[in-house]
Amino acid sequence: MAMCYKKLWKLLIDRDMTRADLRKKTSISPATIAKMSKGETIGANVLERICAAMQCDVGDVMTYVPDPANTSKGKKVVSR
């Protein structure tokens, strides 16, 4: 499973903010910003702080990207 934070990065650009500005406004660590840059998951409390600071919804900052290795690729599941 991977998360995509491109919406957040675009929102920062639209609001003329940097990632450092976001860190200062939300008190999140540089390590958390790094995790987000890699598409890794972060805690719900961090998402809540980001949404509060940016006055937006979770869907405005991230999307879920399914892992292709975990999809069935059209295979039927046989129940017994």
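Working only within the stretch 37-54, note down all residues that are under 15 Å from Trp9 (Cα atoms) and modelled with pLDDT under 95.
Those that are under 15 Å from Trp9 (Cα atoms) and modelled with pLDDT under 95: Ser37, Lys38, Gly39, Glu40.
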Residue hits (the stretch 55-80; at pLDDT 95 or above, out of contact with any Phe, Trp or Tyr (no Cβ under 9 Å at 6 or more places or on another chain) and part of a loop (DSSP other than H, G, I, E, B)) are Gln55, Cys56, Asp57
If we ask which residues in the stretch 1-47 are within 23 Å of Pro68 (Cβ to Cβ), of a type in the set (Lys, Arg) and not in a loop (DSSP other than H, G, I, E, B), their number turns out to be 3
Selection over the stretch 1-40 where residues are small (Gly, Ala, Ser) and either within 10 Å of the chain's Cα centre (by Cα) or closer than 15 Å to Ala52 by Cα (or both) yields a count of 4
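The values are calculated or read from the model by the stated rules, or taken from the named source; none is laboratory data. Computed from a predicted model, the values in this text were never measured in an experiment. FYI the Cβ positions are ideal-geometry reconstructions off the backbone, even for glycines, and counts take in every protein chain you see.
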